[in-house]
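Novice: This is the structure I want to talk about, given as C-alpha cells.
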Amino acid sequence: MLKIDIQNLRKITNAFLEEGKAVYAPRPLGMGDFAFDRIENHEDFQIEGFVNTLLPPKEIFFRQMETIGRFGWKKKGLCEDVEPEIEDKVLLGIRPCDLEGLLLIDAFYDRVGADMPYKRRREKTFIIAYACPEPADTCFCVETDSGPWAKRGFDWQLHWLDEGIYLLEVGSEKGKDMADRFADLMEKAGEDDFKLLEVKRKETLGKFKNRPYVKKGIGNITKVGGEVYRYLGERCFRCGGCNYLCPTCTCYNVADIGAREGERVLFWDSCQFEGYSRLAGNLNPRPDQGSRLKFRFECKLAEWNVETYGRIRCTGCGRCIYTCIGDADIDLFLKKASET
Amino acid sequence: MDVLTVCPYCGVGCGIYLRVRGGRVDAVFPSLNHPVNRGSLCAKGWSVPFFLNHPHRARHPLIRKGNRFVRASWDEALDFVAEKLSEIKEKYGPDAIGVLGSAKCTNEDNYLIQKFARATIGTNNVDHCARLCHASTVAGLIKAFGAGAMTNSIVEFPEADVILITGSDTANQHPVIAKWIVRAQKGGTKIMVVDPRRNPLAQIADLYLQHRPGTDIAWINAFLKIIIDEKLYDKNFIEERTENFEKLVDSLRDFSLDWASKVTGIPLSLLREGARLYAKADRASIVYAMGITQHVSGTYNVISLANLALLTGNVGKRGTGVNPLRGQNNVQGASDLAVLPDVLPCYQRVDDPSVRKRYSELWGVEIPSNPGLTVTEMIHSAGEKIRAMYIMGENPLLSDPDINTVRRKMGELDLLVVQDIFFSETAELAHVFLPAASFAEKDGTFTNTERRVQRVRKAIEPPGEARADWRIIADLSARLGYPMDYSHPCEILDEIQRVCGIYSGITCELLEETFGVRWPYDGKSKEGTSFLHGEKFKTKSGKGIFHAVDYLPPPEGPDDTYPLVMTTGRSGFQWHTGTMTRRTPNLEREAPEAYVEINPEDAFPLGIKDGDRVRVSSRRGEIELKARVTEGIMPGVVFIPFHYREAAANLLTGHFLDPISKIPELKVTAVRVEKC
Ligand code: SF4
Ligand code: SF4
Ligand code: SF4
C-alpha cells in the first residue's frame, strides 16, 4: 500500500486534466449537496466530508436521457445516428456501493449483448474508488457485501486515515503502472499506517445501523406473502425514484420525440410504472402496484441473481430508501420479509 | 454543470438540479438537503427535461394572416401588438383590454404583467388561473384569519397528531407532500381523509369518510356541532383569540346531525368519530385543495374549515393550521403580486384610495379605481365589453369551464395575443403568438405553497428566438409609452420587496444563501416564517373570526335526465392541459387516455363493463371516453380527469360562479352516462 495526501492527489488530477482526460468526481453544489460530474479544474472536487452523491455515477455512462438519433421528412429525409462521445475517463472518488453497481451493469450488458452507449462510454475508464469512513443511516452495504470498502473493480482505492490523508491501494495492472508513474507524489505506507487503518475500519463498521433483518429477509424472499406486497403496494405512489437512483438499475425506454422531425431518445425507465409492463390490448401481467414491487425486489434480491451475476443486485447504497415518496422501500420490505 | 432551481410543475416547489451538457438539459435530480423534498421527486419532477427539449417548443413570433400564421420578427410582432392595443384603447377605453398572467411564470413576470395592465394600459382587468383553483381560499382565509395562504409549513406535518385531508388527492397532486404525511403516519400521526374518491391516502388512512361532492359545509358543520355539543372546543383559545363564537353557536343550535348524515352520505357514527378524532388531538392540521375550493360555495367551504380550526385552537402553532395546497408552482406568487383584478401587490385593495395613492406615486401613473374583471368574466364578455386579450402562459381553452362557449367568445376578439412556450390550443385562436422562455431559460423566483420564495435560475438559452416573459412585457410596455427599465429579474424582485410588505427584505442576495425564504421575512431566521398567526391574526382586530355558514346545495343537482354527479380532477401523471406532460413519453404512457370512474352499482344497470367506451353528456355538451369501473368512487358520482383535449371534461362543466370569489363550480355537474 501507498500513502498520498490531498494536495498530491490534486496534482495527479491536474496531470490527468492536462493530458486531456475527462475527469469525473464529486463536486460540491452548495448547501450540502454534491454531484458526481465532470470537472474542469483539479480544485473543483471534494472527496470526503459527505456520504455520497445523490445521483449514482452510473449516470455518466447510462444517461437519464440521451439522443441516439435524429429524423425528419422535411427535405430529402433525414435519418442519422448520434454516437456517444468517446473519452479517456478517470472516475475519482466513486463509492464502493456504486462501483459494485457499475460492475453489475457491465455484467448485465455483457450478458444481453446490447450495443448501448453505456458500453462505449465504459471503455477506457480509470477507477479511483474511495472507501467510506462514515455511513449514512440509510447505508447497508455491509449487509450486501459491497462496502464500506471495495474488494474488486478498482484501479486505485483510497482509504481515509485522517483529513486529507489516504492510504492508496492498487487494484490492477493499470493501477500499478499509474502508481509507478506518479511514484514521487506518494510514499510507502508503514506499519503504523496499517494499524491506523484497522482502527479506522473498526470505527466505520461500528457506525452502521444494525440491520440483522437484511440477510434474513433476503433468505426468505420466495416465502414473502401477498399481504406484504399489498401493504407496500398501497404505499407506493409511483415516482420511479427507486429505479432512477439505483446504481444497478438498467431499464430504459426509447421514444421518438416530435412528429415530422425530431429525435429518438433513450431514457431511464421504471418498472414501478403501470405502463412499463402493459401489453397490447391493455393486458398487464403485473396489474397492481404490489406485483410491480414484487418484481423489483426479486430483480434485486432473488436467488437467480447469484446464479447469474454471482451476487444479489442490491449494493445497499440506500438511495431508494430516502427517495421514496411513499413507504414502500427496500428496508421496510426486508424487515417484513424477515418476519415472514 | 448542475444548476439549482425549482420544479416547474406543482406548488410543492421541490428543489431540483438541472444537469446541462452541450447547452441542453439532459438530466434532473432532486436536492438532498432541500427542506421540502430531501432527495425526492415525483414522476413529473423526474421528467422535466422532456418538455424543455421538445422539438415543438415555440421558436419564433407569429402573426396571423387570414387563416395562416406567418413568421415575424420581434420588432414586427411587438409593433403590431402595440399598435393594435393603442387603437383599441383609443376607441373603447382601457377597460376593453383584458390581461391574463400565469401561475407558471415567475414572480417577476407576474409583477410586471399586472403593472403592465394597470400602469401601461390603465385597467384592473388582470387575473390568472388562481381564479379557477384557490380564489375562494384567498377570499375565505382573509375573512377568517386575515391572510390567504397556507398557515403552516410542509416540514411541520410530522409534528401534528392528526392530519385531516379533504378534497385533495395529495398522493397524486402533491406527491412530495404525501411523503411527509406518510412519514408522519409512521411516526404515530393519525390520518383522516374526507373525500368522495377513495384516493391513495384514503386507502391507507386511519379514518376515511366518503361524502357526496358539494356537501362539504354539511359535514363540516356536523363536526362543529358535535364538537360544541360535546364541549370538545378550546375555551381559552376562543376567548383570547377569536370573535363571533356566539354567532357560530347560535347558527348551529337547530342543526340536525341526521340531516347532515343523509345529505353527505356519511354515517352518523363516522361523523362523530371524525369530529372527536380531530377535536381531541393536541395538534391537528387541515389539508385541502380543489375539492373544497372549486364550488359555488367555495369561499364558505374554506371559511367552514377555518371555523373548525378556530374552534379547537388549531391555528398559530406548529403542526396545526388550515393548509391549502396550491396547485401551480407559482400560484401563490402570482396571487401575492396581484395578478388579480381587485387588489394591488400584497392583497391591498384597489378600491382603497390611500393604497391607490401610494402605488400611483410609486409607478408614476394614476391607478384605475374600479376593480377589474375576472378570467371567467373577461372571457364571457369577449367580443362585447372586452375587445382585446393578452394571455401570458395560460391555456383557458382547455382549463376553463364550458369550453364551447370559451372558444366562441374568444373567436370574437379584435385582438388576441398569446405568449407561451408551446403553441397551445388557445394560441390557435390568436392574432399574434409570442414564443416565451421556459423556467430553465430565465432567472427569477417562484413562491411555493408554503410561502417559500425560491430562486429560479437560468440553466440554458431559450430555443430559437424565444424570450423571457418579463423582457417581452417590458419591450411592449416601452412601445406603449411606459418604459420599464430592468436589466435583470433581480432588479424587479428588488422593486417587489420595496412595494410589497410580505416580500420585504427578500432579495436575490438573501435567496442565494438558502433554499428559499418563507414570507414574511423578519430579517432574522434565515428560512423566514414557519407558521402564521402565532401571536395575532392578520385581521383588523387581530382576532380570528368565526362565521356562521349555511349549507348551500350545488347549483346543478342530479335529476331524471342527468342522474349522476360528475366531479373533475387530475391524474398524477398529467399536468393540467397537458401542454408539457402529454409531450413526455413515460408520463403519457402512464396516463394515455381519458377515462371516467364509475361505481359498479351505477355501471351494472347501464350494461357498462370496465374498459367499455361510454358517452358522458351534460346540459352543455358530450364526450366519449373509456369507463373505469371501480369501487373507489361512491355510487351516484363519476370522476373525469380534465387533461384530455380529445375528451375534455370542461365541455360538460357549467358556468356557475361562487358569488364571492367568482370561482367556477368544477366539482359538481349533473351528467348522464351511456354505453356507446
Ligand atoms: S435497491 Fe436501493 S439500496 Fe439497493 S442498490 Fe438499488 S438503490 Fe441502492
Ligand atoms: S421510490 Fe417509493 S413511491 Fe417511488 S416508485 Fe419506488 S417504491 Fe414507489
Ligand atoms: S411534488 Fe410537485 S414540485 Fe415536487 S417534483 Fe412533483 S411536481 Fe415537482
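The values are calculated or read from the model by the stated rules, or taken from the named source; none is laboratory data. All values derive from a computational prediction rather than experimental measurement. Cβ placement follows ideal geometry from the backbone for every residue including glycine, while neighbour counts extend to all protein chains displayed. Surface accessibility is based on the protein's heavy atoms, side chains included, excluding ligands, DNA and RNA. Shrake-Rupley method; radii C 1.70, N 1.55, O 1.52, S 1.80 Å.
Novice: Looking at (1) of a type outside the set (G, A, S); (2) out of contact with any Pro (no Cβ under 7 Å at 6 or more places or on another chain); (3) at the interface with chain B (Cβ under 8 Å from one of its Cβ atoms), which one does A:I257 not meet, given that it meets all the others?
Specialist: Only one criterion is unmet by A:I257, namely (2).
Novice: Mind listing whichever residues of segment A:288-313 are within 16 Å of ligand 2 (Cβ to nearest atom) and surrounded by fewer than 16 Cβ atoms within 10 Å (Cβ to Cβ)?
Specialist: Those that are within 16 Å of ligand 2 (Cβ to nearest atom) and surrounded by fewer than 16 Cβ atoms within 10 Å (Cβ to Cβ): A:D288, A:E298.
Novice: Related question: I'm told B:P558 meets every condition in (1) assigned to a loop (DSSP other than H, G, I, E, B); (2) within 14 Å of chain A (Cβ to nearest Cβ); (3) over 24 Å from the mean Cα position of the chain (by Cα) except one. Can you identify the failing condition by its number?
Specialist: (2)
Novice: Could you list all residues from segment B:171-180 that are within 15 Å of B:E450 (Cβ to Cβ) and either more than 13 Å from ligand 2 (Cβ to nearest atom) or surrounded by fewer than 24 Cβ atoms within 10 Å (Cβ to Cβ) (or both)?
Specialist: Passing the criteria: B:H174, B:I177, B:W180.
Novice: For segment B:2-44, give me each residue that is at the interface with chain A (Cβ under 8 Å from one of its Cβ atoms) and without any contact (Cβ under 8 Å) to a residue 60 or more places away in the chain.
Specialist: B:D2, B:Y17, B:R19, B:D26, B:A27, B:V28, B:F29, B:P30, B:L32, B:R38, B:G39 - these are the residues of segment B:2-44 that are at the interface with chain A (Cβ under 8 Å from one of its Cβ atoms) and without any contact (Cβ under 8 Å) to a residue 60 or more places away in the chain.
Novice: Filter segment A:153-171 down to residues that are of a type outside the set (A, V, I, L, M, F, W, C) and more than 16 Å from A:P96 (Cα to Cα), then give me how many there are.
Specialist: 3
Novice: Oh, and also: Do we have A:V82 as surrounded by fewer than 21 Cβ atoms within 10 Å (Cβ to Cβ) and within 16 Å of ligand 1 (Cβ to nearest atom) here?
Specialist: no
Novice: With respect to B:L41, is the statement that it is within 14 Å of ligand 3 (Cβ to nearest atom), open to solvent by less than 10 Å² (accessible area, probe 1.4 Å) and within 24 Å of B:P324 (Cβ to Cβ) true?
Specialist: Yes: the conditions hold for B:L41.
Novice: Looking at B:S86, B:S102, B:S47, which one is in contact (Cβ under 8 Å) with a residue 40 or more places away in the chain and within 16 Å of ligand 2 (Cβ to nearest atom)?
Specialist: B:S47
Novice: List the pairs whose first member sits in segment B:334-356 and is under 11 Å from B:V126 (Cα atoms), whose second member is of a type in the set (D, E) and open to solvent by 10 Å² or more (accessible area, probe 1.4 Å), and whose Cβ atoms are under 8 Å apart, counting only residues at least 6 apart or on separate chains?
Specialist: That search, which allows pairs on different chains as well, returns B:D342/B:D351.
Novice: So, in segment A:140-177, of the ones that are charged (D, E, K, R) and assigned to a loop (DSSP other than H, G, I, E, B), which residue ends up nearest to ligand 1 (Cβ to nearest atom)?
Specialist: My answer is A:D145.
Novice: Quick check on B:L32: is it within 16 Å of ligand 1 (Cβ to nearest atom) and open to solvent by 10 Å² or more (accessible area, probe 1.4 Å)?
Specialist: yes
Novice: To continue, here is another question. Identify, from the list B:V20, B:V12, the residue that is outside the structural domain of B:K385 (by TED's automatic domain parsing), of a type outside the set (S, T, N, Q) and open to solvent by 10 Å² or more (accessible area, probe 1.4 Å).
Specialist: Of the residues listed, the single one that is outside the structural domain of B:K385 (by TED's automatic domain parsing), of a type outside the set (S, T, N, Q) and open to solvent by 10 Å² or more (accessible area, probe 1.4 Å) is B:V20.
So that you can scan it fast, the table gives a plain yes or no per residue for (1) buried (at least 24 other Cβ atoms within 10 Å of the Cβ); (2) within 14 Å of chain A (Cβ to nearest Cβ):
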{"residue": "B:H56", "(1), (2)": "no, yes"}
{"residue": "B:L62", "(1), (2)": "no, no"}
{"residue": "B:G66", "(1), (2)": "no, no"}
{"residue": "B:A72", "(1), (2)": "no, no"}
{"residue": "B:V81", "(1), (2)": "yes, no"}
{"residue": "B:E90", "(1), (2)": "no, no"}
{"residue": "B:E108", "(1), (2)": "yes, no"}
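Novice: Exactly one condition in (1) within 14 Å of another protein chain (Cβ to nearest Cβ); (2) at pLDDT below 95; (3) open to solvent by 20 Å² or more (accessible area, probe 1.4 Å) is false for A:S277; which is it?
Specialist: Single failed check for A:S277: (3).
Novice: Out of (1) more than 16 Å from ligand 2 (Cβ to nearest atom); (2) closer than 30 Å to A:G240 by Cβ, what's the single condition that is false for B:L62?
Specialist: With respect to (1) more than 16 Å from ligand 2 (Cβ to nearest atom); (2) closer than 30 Å to A:G240 by Cβ, B:L62 is out only on (2).
Novice: Given the condition open to solvent by less than 10 Å² (accessible area, probe 1.4 Å), free of Cβ contacts under 8 Å to residues at least 40 places away in the same chain, within 25 Å of the chain's Cα centre (by Cα) and within 14 Å of chain B (Cβ to nearest Cβ), answer yes or no: does some residue in segment A:240-251 qualify?
Specialist: For segment A:240-251, residues open to solvent by less than 10 Å² (accessible area, probe 1.4 Å), free of Cβ contacts under 8 Å to residues at least 40 places away in the same chain, within 25 Å of the chain's Cα centre (by Cα) and within 14 Å of chain B (Cβ to nearest Cβ): present.
Novice: Within segment B:566-591, can you find the residues that are among the small types (G, A, S) and more than 8 Å from chain A (Cβ to nearest Cβ)?
Specialist: Of everything in segment B:566-591, those that are among the small types (G, A, S) and more than 8 Å from chain A (Cβ to nearest Cβ) turn out to be B:G569, B:S571, B:G578, B:A591.
Okay, residues lined up against (1) over 12 Å from the mean Cα position of the chain (by Cα); (2) outside the structural domain of B:V81 (by TED's automatic domain parsing); (3) under 23 Å from B:A478 (Cα atoms):
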site	(1), (2), (3)
B:K115	yes, no, yes
B:A119	yes, no, yes
B:V126	yes, no, yes
B:A139	yes, yes, no
B:A149	no, yes, no
B:N152	yes, yes, no
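Novice: A follow-up question, please. Please note which helices (runs of 4 or more DSSP H) are completely contained in segment A:197-297 and include at least 2 residues that are within 16 Å of ligand 3 (Cβ to nearest atom) and under 23 Å from B:L201 (Cβ atoms).
Specialist: The qualifying helices (runs of 4 or more DSSP H) are A:241-244.
Novice: Is there a residue in segment B:229-239 that is under 27 Å from the mean Cα position of the chain (by Cα) and modelled with pLDDT of 95 or more?
Specialist: For segment B:229-239, residues under 27 Å from the mean Cα position of the chain (by Cα) and modelled with pLDDT of 95 or more: absent.
Novice: Report yes if some residue within segment B:155-169 is under 25 Å from B:T5 (Cβ atoms), open to solvent by less than 20 Å² (accessible area, probe 1.4 Å) and modelled with pLDDT of 95 or more; otherwise report no.
Specialist: Within segment B:155-169, one or more residues are under 25 Å from B:T5 (Cβ atoms), open to solvent by less than 20 Å² (accessible area, probe 1.4 Å) and modelled with pLDDT of 95 or more.
Novice: Another question about this same structure. Quick one: would you say B:L415 is surrounded by fewer than 21 Cβ atoms within 10 Å (Cβ to Cβ), in contact (Cβ under 8 Å) with a residue 40 or more places away in the chain and among the aliphatic types (A, V, I, L, M)?
Specialist: Here the answer is yes, as B:L415 does meet what is asked.
Yes/no per residue for (1) of a type in the set (G, A, S); (2) in a helix (DSSP H, G or I); (3) not assigned by TED's automatic domain parsing to the domain that holds B:S73:
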site	(1), (2), (3)
B:K458	no, no, no
B:G464	yes, no, no
B:R471	no, yes, no
B:A474	yes, yes, no
B:P483	no, no, no
B:S487	yes, no, no
B:C490	no, yes, no
B:E495	no, yes, no
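Novice: Another one. Considering only residues that are among the charged types (D, E, K, R) and over 19 Å from B:P175 (Cα atoms), which ones fall in segment A:308-337?
Specialist: If the condition is that a residue be among the charged types (D, E, K, R) and over 19 Å from B:P175 (Cα atoms), then A:R311, A:R313, A:D331, A:K335, A:K336 are the ones that fit.
Novice: Turning to a different aspect of this structure: Of all the residues that make up segment A:9-34, how many are touching a helix residue (DSSP H, G or I) at 6+ places or on another chain (Cβ under 7 Å) and open to solvent by less than 30 Å² (accessible area, probe 1.4 Å)?
Specialist: 3
Novice: Another question, then. Would you pick out the residues in segment A:314-326 that are away from ligand 3 (no atom under 16 Å from the Cβ), open to solvent by 10 Å² or more (accessible area, probe 1.4 Å) and either touching a strand residue (DSSP E or B) at 6+ places or on another chain (Cβ under 6 Å) or not aliphatic (A, V, I, L, M) (or both)?
Specialist: A:C314, A:C317, A:C320
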